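The values are calculated or read from the model by the stated rules, or taken from the named source; none is laboratory data. Being a predicted model, the structure only gives us computed values, none of them experimental. Every residue, glycine as well, gets a Cβ built from its backbone with ideal geometry; the counts of neighbours run over all protein chains shown. What goes into the accessible areas is simple: the full protein's heavy atoms, side chains included, and nothing from ligands, DNA or RNA. Shrake-Rupley method; radii C 1.70, N 1.55, O 1.52, S 1.80 Å.
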Amino acid sequence: FGAQYAHLIARRVREASVYSELEPYNIPAEKVSEIAPKGIILSGGPASVYDKGAPKCDPRIFELGIPVLGICYGLQLMVSMLGGEVARAKKKEYGRAELAIDDQKSIFAGLGPSTITWMSHGDAPITLPRNFKAIGHTENSPYAAVEDKSERLFGIQFHAEVAHTPRGNEILRNFLYRVCKCKGEWTME
């Protein structure tokens, strides 16, 4: 979706000993099925999901039964496409923010009640799709982390891939290992 950190996300996945490929946002669901990934990460990007011409993924990707983690724009897009609402945030968040963890399972397992994150957004979810719940919030974002546990869909408003989110690699590893059941057997060699 045009994220400046898209390649960094792929790198962090590979650093966790899991093979990853960077694909364009408009990859058809049929092609995703052919690739048969264990998980999908939707990157951030500079657009607003409600803008005319904003990049959108094939909505059938959410019906493949493959776990999805949306990061920043990826979270907003997932919320918007699945029936929630995204709007300009009352207060933009740029920089350091403390995330209160409301559910210390799945992607937040082992992190405790709070962690420092790196935010970079002017939009935010204001209502969630059916079956989604908040699993983390900040002072300004009641839906800074969300999940639909039954469909294995997760979204985070912050950037777990950057060094400014000190425990971001743990969050990504939890998604890869706990949710996607990756084995961590891949190496560059």
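Key figures
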| read-out | value |
| --- | --- |
| Scope segment 154-166; condition open to solvent by 10 Å² or more (accessible area, probe 1.4 Å) and out of contact with any Gly (no Cβ under 9 Å at 6 or more places or on another chain); matching residues | A163, P166 |
| Options S80, S17; residue that is open to solvent by less than 50 Å² (accessible area, probe 1.4 Å), in a loop (DSSP other than H, G, I, E, B) and modelled with pLDDT of 95 or more | S17 |
| Enumeration of residues in segment 153-184 that are of a type in the set (K, R) and out of contact with any Ser or Thr (no Cβ under 9 Å at 6 or more places or on another chain) | R173, K181 |
| Residue count, segment 1-14 (criterion: part of a loop (DSSP other than H, G, I, E, B) and modelled with pLDDT of 95 or more) | 0 |
| Segment 27-77: number of residues that are small (G, A, S), open to solvent by less than 10 Å² (accessible area, probe 1.4 Å) and under 20 Å from I135 (Cα atoms) | 3 |
| Pair list, Cβ < 7 Å and 6+ apart or interchain, from segment 110-132 residues that are outside any loop (DSSP other than H, G, I, E, B) to residues that are open to solvent by 40 Å² or more (accessible area, probe 1.4 Å) and hydroxyl-bearing (S, T, Y) | M119/Y94; S120/Y94; A124/Y143; P125/Y143 |
| Condition met for S120 (touching a Phe, Trp or Tyr at 6+ places or on another chain (Cβ under 7 Å) and polar (S, T, N, Q)) | yes |
| Sole exception among (1) without any contact (Cβ under 8 Å) to a residue 12 or more places away in the chain; (2) part of a loop (DSSP other than H, G, I, E, B) for E34, by number | (2) |
